[in-house]
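Read the figures in this text as sums done on the coordinates, not as results from a lab. None of these values were measured; they are calculated from a predicted model. Here the Cβ positions follow ideal geometry from the backbone for every residue, glycine too, while neighbour counts run over all protein chains shown.
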Amino acid sequence: MRTKLLLIALSAGFIFIASCNKRIDYNQKDNGKIAGIVFCIDDYYVGDFYKANHYRYIQSMGIKMTYFITKYHILSKGQKRIIKIFQADGHEIGYHGTHHIHAKDFLDTSTITKYLNYEINPDLKLMRNDGLLISDFSYPYGSHTPQLDSVLLNKYFYFIKLGSTKPYFYTLNMPREIIHPIPLDERYWIKYHISLQNILNYIDSAARQNKIIMFYGHRLTDNYRTNVNAIWFDKFRLIMDYSKEKGMKFYTLNDLKKLDNKKNIILNYKNDTADIEE
Ligand SMILES: [Zn+2]
């Protein structure tokens, strides 16, 4: 009997959540109400997010993810298929490098041109040839130099992602720039003393001030473990449920370009392989 009641309660909850799934209408900006969340994921663990219970939740809530993919050339057919499904379902595919190298270390002994030809151009070309619309980049290890930032922002990408331990709030029509999401992986919470209460407070501030708050992570796991590069699914769900309760919307970085009336950016980047030769 108890199991039956629990099942009824769970399915009622699921129907309620499914009915909340609403697409963003860019023509009606909801009276200027834009408060929301951008959720970035780095690396290539796309299977974690496509796992049935995880993806069902993400889709039923209308959550938008921006997946920064690295080492595309070594990914399996299955992983590439999931990436295509993500893009078709309205999530964004961004870029996280061909070999996932430490940019600053590389540039200590080499040139920007060599970096571009080794780390940026090869897989970017592969991914674009596979129909992926890439216009944003995340630095592996958050390692970068100001000179490289300006080359990548001028010739390759619209947004560039670095990590941050402080909240970063985005408002409409901010200059094209580097974004700084806060990590939600368990490892960083220990390392940087980030608590669930901190995160909920940041969501409250964004909701109150009509701003967009950004988060990021690497993996999604059902089993809680400390000190891993993964977000515990129960925690992810709690944060997302709380955001929805506060009336927050979910955006990809491409959605922000649309909100900023820069719809062409995504298309313009599509065929631009941006090879630089010196
Ligand atoms: Zn990475």
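Extension gain for Gln59 to Thr109 (0.36 nm times residue separation, less C-alpha to C-alpha distance): 13.5 nm. Residues Asp130, Asp136, ranked from the fewest to the most other C-beta atoms within 10 Å, line up as Asp130, Asp136. Ordering Leu148, Leu220, Leu133 by the number of other Cβ atoms within 10 Å of each residue's own Cβ, fewest first, gives Leu133, Leu148, Leu220. Restricting the calculation to alpha carbons of segment 180-269 gives Rg and Dmax of 14.8, 43 angstrom. A full extension of the chain between Asp234 and Leu172 corresponds to an added length of 19.2 nm, given 0.36 nm per residue minus the alpha carbon distance.
Put a plus charge on the Cβ of each Lys and Arg, a minus charge on the Cβ of each Asp and Glu, and nothing anywhere else: the dipole of segment 34-270 about its Cα centre is then about 480 debye. Pairs from the list Lys125/Lys235; Lys125/Lys191; Lys71/Lys235; Lys80/Lys114 with a Cα-Cα gap above 32 Å: Lys125/Lys235; Lys125/Lys191.
Please state, as a whole number in µm²/s, the translational diffusion coefficient that the Stokes-Einstein equation yields for segment 34-270 at 4 °C and 1.567 mPa s, with Rh defined as the Kirkwood radius across alpha carbon pairs. Approximately 72 µm²/s, per Stokes-Einstein. Arranged from fewest to most other beta-carbon atoms within 10 Å of their beta carbon, Met174, Met127 become Met174, Met127. Estimated at 0.36 nm per residue, the fully extended path between Asp222 and Gln209 surpasses their Cα-Cα distance by 1.4 nm.
Ranking Tyr141, Met65, Gly97 by how far each Cα lies toward the positive end of the dipole of segment 37-152 (charges on Cβ) leaves Met65 at the top.
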